[in-house]
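K.L.:
Before anything else, here's the structure in question.
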Amino acid sequence: MAILLMAMTPIVAQKTVHYDLYVRDTVINLTGKEKHAIAVNGQIPMPTLHFTEGDTAEIYVHNQLKEGTTLHWHGLYTPNKEDGVPYLTQLPIAPNTTHIYRFPIVQSGTHWYHSHFGLQEQIGMYGSLILDKKKSDASFRKGIDDLPSVPILLSEWTDYKPENVHRMLHNATDWFAIKKNAVQSYAEAIGAGHFGTKLGNEWKRMLAMDVSDIYYDKFLINGQPESQLSQFKAGDKIRLQVSNAGASSYFWLTYAGGKITVVANDGNDVEPVEVDRLIIGVSETYDIIVSIPAENTAYELLATPEDRTKSASIYIGQGIKQLANPMPRLQYFEGMKMMNDMMKLNGDMDDMGMSMSLQKMDMNMVMYPEMQQKDMKMGNMDMKGMDGQMNHTDHHHANASTSIKTLNYGMLKSPTKTNFDKNAPIRDLNFELTGNMNRYVWSMDNRVLSESDKILVKKGEILRITLYNNSMMRHPMHLHGQDFILLNGKGDYAPLKNVLDIMPMETDTIMFQANAEGDWFFHCHILYHMMAGMNRVFSTGPQEPNPYLPNKEKAYKKLQMESNRMHFMFENDFATNGNDGMAMLQNTRWSIGTEWRLGYYDHHGYETETHIGRYIGRMQWFMPFIGFDWRYRKDHKHGGEENLFGQTSTKDNRQLFSIGAAYTLPMLITLQGELYHDGKFRLQLMREDIPLAKRLRGAFMVNSDKEYMFGLSYIATKNLGLRAHYDSDMGAGVGLLVNY
Amino acid sequence: MALISFTACNAQIKNATTEAVIIAGNCGMCESTIEKAGNAKNAALVDWDKDTKQATLKYDVTKTKRDEILKRIALAGYDNQSFLAPDEAYAKLPACCQYDRLKKTPAKMEDTITSEPHEHNMMEHGHATEMKAEKMVEKPSSASQKSDPLASVFEQYFALKDALVGSDAKMAASHSKALNTAINAVKMSELSQETHMVWMKVMKDMAANSALIGDANDVEKQRQYFIPLSQNMYELIKVNKMKAPVYYQFCPMANDGKGANWLSKENEVKNPYYGDMMLNCGKTVETIQQQ
């Protein structure tokens, strides 16, 4: 009898939990306009999946889209073939087919799941994935794990197609900045008394930057800009299982009903820590506990994206709604000033010896007015005088001395030991996170995925990875398939995580034992950074063949290609004196571009210049190219003209091959030298898109053929503008500027 | 001129609906802050009255919602029927605008995780420690400090009564509309059981009569509806006494010689049924007071 019972127990525990997910194109209206989105089982976000540790998950994905898809179980320890990365762990699920994901649930905690295919995550393919502890679990925490809990899924929505967003980012669009009122033009700089700051910024060849890149129309909690949890009443404590499913937005969480108690991070328990607010990185999860302190009042949980343009709210409780204090707008020029101090002329970040790590000193803090009023005064702080005096304790102190307590990674402590055997051999790896905002290139060690092989790792090896962020943006680095520990000063109790948010100039160290077999993605979870190639693969061998991916080598090439696509850009000024325009096709390193000036009359002339070039160096300021020039102009009165070098110019009739190079000078001026096959030489200085005012751009060009141009354009809409210019060949003109 | 600009703005709000809401506030400066915060070009127009604490929201239903407007007003520092302002926003108001805020009733918390600082938290919200758990204990009846769910109903009733004493039909209508809104805003779950029973009985008639007074522009008509309204109010205040004494008064001449009652906060008689004509006609027949 006892034997029979024993034999039966595992069968009872081995419950298989089955879900059917129907993935379909849909139309959503969040802004008054109907837009394409993807719904699963008819809903956005995707349905919340619940499992208990010990269950077996069996998820049928019915792909009813016209394109492929895959689902990734973010933060879950799954067999490699169930991990859902297209061309790395499986082939995309073909349209009108069903794929079954089946894996044991061997952990608990708050996780989420999303499409890992293309940009589908941006338009609705994300959902909560909640793994409950078994009641008998030794780690079950009374007063925490038994509280009523609600999944809270943060996300954002843009009416622009994500493919177009991606393309526009690569073309250094400033349309998003206009929409966010974050252009940081010269006029705005002068108005704010920061003309010198702006000048210094351009001298260091930086475009105005924001803490986030994209303009979003709406921010959402569980798919809604505003909603209410009216099932709770005064005195209740509620555990909120928060996942940031935003494609590129960090969110601040603040609560109108008092302190927030953080009890878990990335699905792993942490010792409870009480804070006033926390920032949740893209793809991170936090379990937080809030309470309802008064009768007949609903308290606002406010999720504010880091750029603070808008927010989303959920009211907890019933009755009149107590609002949380909104976060004030960023002070961009204070941030720009600090960035100037920290950027060397060669494009490297300079932390002034402060050795920053673990989110302890938020360098964006300078842009937050409420911090400035307190004792931080970062904007006025003399960075150069600090000489590495500032150590972690000081940072801590700086945070503690302000009245607002903000969570940082240094406060996370695992309730159980997470250390590795001290005598085990350790392999060290270093990564420098690199990037170039101007061309939206994001990489590691200045290599994108298409320039990197898989990193081979022996199974069972302990890896210690040190990351240094030498770029201007923060990056949420996510490891698939396993958790790592973050060395944060908590010794044997370092917290387990699977996403590391690393701010500019920070250095952080993570460790994990490569026990999971297979190819595991390690990447920046900002969707558009990932698609720009900020990825690596850890390949733990030897590997069993993967039934879903017969030819791994070929698939990897495909994966590399996916993240280094060509981006098209086009611009034409339909002016009274002719057409002035350009078209470009670019990827991470290559640029194929054509410029044209087409007059309406023969004596105004027609000319085109085509350049095929390759960007060199991390900052991509240097681009050697080969080119072809064609021009025709009906005989000018004075015939041949001499250039500055005493050579007779062939401005009137030219069909020439050339070699040359372009270099970005301080103030973002392009210096271009070009040698034609007939021995003629041309030197040119040019700058377009000088941000004079929010919507006003200036441009100029002058070259050694004694040609010159200057112009002004006004940006009216995303694709339309007005332009007035004067050209030495074609004279004055006004026109309609169309761009794509 | 003000009228013209009002009309001009008005004309641009299409698909308009108009709603009356209660917004806290003190003075003329409050008025401009509240209206500026709530107004939205071609979408919403707010007109707040500092005497009645009532605002008329006129808005384009296709562009915005009532609570969007009220949220903006709360973020500017003004508590209203849907939202309470963040403490920080309230603190930033000029001293003359810092109206007396509603006090919250703290919840009883059990400590489960750590030693919770909630008490501290409540202090921050201005919850006095002597606040009692039983909600039906009356707070002082001065216009503002009300923890009584019916406080605003009584306040608007007294304001209406005063307007009738002054024979001001317009003011009476305005207060009566505010009374109507206050009646509809009462959360029955907050009422004691005894009060709740009476409330269920009188609420419908009170709402109807206050609406009729609000729509009437003739003070004599308003006085007609004020008779049953006062009768209901008397029944209500008997079970839900205010801390300060309230006087039940009677004028034998009113209602065509049949006599009629009203409630007043002053013992001195000021007759709402005749106004100036027979201001002091009548007597106090009962003093309603907490024991």
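The values are calculated or read from the model by the stated rules, or taken from the named source; none is laboratory data. Quick caveat: nothing in here was measured; it's all calculated off a predicted structure. All Cβ positions, glycine included, derive from the backbone under ideal geometry; neighbour counts span all protein chains shown. Side chains are part of the model used for accessible areas, which takes the heavy atoms of the whole protein and leaves out ligands, DNA and RNA. Shrake-Rupley method; radii C 1.70, N 1.55, O 1.52, S 1.80 Å.
K.L.:
Once the whole set of protein chains is in place, how much accessible area is left on residue A:615, using a 1.4 Å probe, in Å² to the nearest 10?
P.N.:
In the full protein context, residue A:615 sits at about 40 Å².
K.L.:
Using DSSP, restrict attention to beta bridges with both residues in the range A:13-137 and report what percent are antiparallel, rounded to the nearest 5.
P.N.:
Here the share of antiparallel DSSP bridges comes out near 65 percent.
K.L.:
Something else now. Fully extended, how many nm does the chain gain between residue A:416 and residue A:659 (0.36 nm per residue separation, minus their Cα-Cα distance)?
P.N.:
Separation in residues times 0.36 nm, less the Cα-Cα distance, equals 81.1 nm.
K.L.:
For the range A:25-75, compute Rh as the Kirkwood radius over C-alpha pairs and then the Stokes-Einstein diffusion coefficient at 25 °C and 0.890 mPa s; write the answer in µm²/s, rounded to an integer.
P.N.:
183 µm²/s
K.L.:
If you project the alpha carbons of the range A:606-725 onto the principal axes, what extent comes out on each, in Å, largest first?
P.N.:
43, 39, 24
K.L.:
Of A:344/A:680; B:71/B:108; B:177/B:201; B:92/B:161; A:321/B:238; A:233/A:259, which ones are farther than 25 Å apart at the Cα?
P.N.:
Check vs 25 Å cut-off fails for A:344/A:680; B:71/B:108; B:92/B:161; A:321/B:238.
K.L.:
Among A:627-634, A:485-492, A:80-87, what's the highest-first ranking by average C-beta atoms within 10 angstrom per residue?
P.N.:
For the peptides A:627-634, A:485-492, A:80-87, the packing ranking is A:80-87, A:485-492, A:627-634.
K.L.:
Across peptide A:283-296, how many C-beta atoms of other chains are within 10 Å of each residue C-beta, on average?
P.N.:
4
K.L.:
Per DSSP helix of 4 or more residues, -39500 (n - 2.57); summed, then divided by the residues of the protein assembly as shown. What does that give at 222 nm, rounded to the nearest 500?
P.N.:
So the calculated ellipticity at 222 nm is -6000 deg cm²/dmol.
K.L.:
Give the lysines reachable from residue A:554 as a straight Cα distance under 17 Å; neighbours fewer than 8 places away on the same chain don't count.
P.N.:
A:81, A:454
K.L.:
Still on this structure, I have one more. Please work out whether the range A:426-543 counts as rounded, prolate or oblate from its C-alpha gyration tensor, where a ≥ b ≥ c are the square roots of the eigenvalues and a/c under 1.5 means rounded, while otherwise a/b larger than b/c means prolate and anything else oblate?
P.N.:
The shape class here is oblate.
K.L.:
So if I take the alpha carbon set of the range A:99-178, get Rg, then get Rh from the Kirkwood formula, what is the Rg over Rh ratio?
P.N.:
That ratio is 1.16, to two decimals.
K.L.:
Of the listed peptides A:540-547, A:654-661, what is their order by residue-averaged count of other C-beta atoms within 10 Å, with the highest listed first?
P.N.:
Those peptides, ordered most packed to least, come out A:654-661, A:540-547.
K.L.:
Which of A:405/B:65; A:134/A:413; A:422/A:490; A:33/A:237 have a Cα-Cα distance over 27 Å?
P.N.:
The answer is A:405/B:65; A:33/A:237.
K.L.:
Report the extension gain between residue B:196 and residue B:266 in nm, rounded to one decimal, defined as 0.36 nm multiplied by the number of residues separating them, less their alpha carbon distance.
P.N.:
Contour length minus the Cα-Cα distance gives 22.5 nm.
K.L.:
Work out, in µm²/s and without decimals, the Stokes-Einstein translational diffusion coefficient of the range B:151-288 at 10 °C, 1.306 mPa s, Rh from Kirkwood over C-alpha pairs.
P.N.:
So the translational diffusion coefficient is about 108 µm²/s.
K.L.:
For residue B:241, which lysines qualify as cross-link partners when the Cα separation must be under 16 Å and same-chain residues fewer than eight apart are set aside?
P.N.:
B:135, B:139, B:146, B:265
K.L.:
R0 = 45 Å: FRET efficiency of residue B:92 with residue A:164, Cβ-based, nearest 0.05?
P.N.:
0.65
K.L.:
Just to verify a number: what accessible area does residue B:63 come out at with the full protein assembly present, 1.4 Å probe, Å² rounded to tens?
P.N.:
Roughly 120 Å² of residue B:63 is accessible to a 1.4 Å probe.
K.L.:
Want the number for residue A:634 to residue A:462: 0.36 nm per residue separation, take away the alpha-carbon distance, what's left?
P.N.:
Roughly 54.7 nm would be gained on extension.
K.L.:
While we're on this one: Largest first and to the nearest Å, give the Cα extent of the protein assembly as shown along each principal axis.
P.N.:
Largest to smallest, the principal-axis extents are 117, 100, 62 Å.
K.L.:
Then there's this: If you rank A:51, A:574 by how much accessible surface each has, with a 1.4 Å probe, what is the order from largest down?
P.N.:
A:574, A:51
K.L.:
Using a 1.4 Å probe on the protein chains only, how many percent of the accessible area of chain A belongs to carbon and sulfur?
P.N.:
That fraction is 57 percent.
K.L.:
Quote the accessible area belonging to residue B:19 in square angstrom, nearest 10, computed with a 1.4 Å probe and with ligands, DNA and RNA left uncounted.
P.N.:
50 Å²
K.L.:
Report the label-to-label distance for residue A:544 and residue B:19 in nanometres (one decimal), using points 7 Å from each Cα along the Cα→Cβ vector.
P.N.:
Taking the simple label geometry, residue A:544 and residue B:19 are separated by 6.0 nm.
K.L.:
What relative contact order, as a whole-number percentage, does the range B:2-97 give when Cα pairs under 8 Å and 6 or more residues apart are counted?
P.N.:
That works out to 29 percent.
K.L.:
While we're looking at this one, here's another question. If you count, for every residue in A:321-332, the Cβ atoms of partner chains within 10 Å of its Cβ, what is the mean?
P.N.:
4
K.L.:
What average count of beta carbons from other chains do you get within 10 Å of the Cβ of residues in A:29-36?
P.N.:
0
K.L.:
Same structure, new question: At a Cα cut-off below 17 Å, give the lysines reachable from residue A:694, other chains included and same-chain residues fewer than 8 away excluded.
P.N.:
Straight-line reach from residue A:694, under 17 Å: A:179, A:180, A:198, A:718.
K.L.:
Heavy-atom accessible surface, probe 1.4 Å, ligands and DNA/RNA ignored: which residues of the range A:107-143 lose at least 20 Å² versus the isolated chain?
P.N.:
A:143
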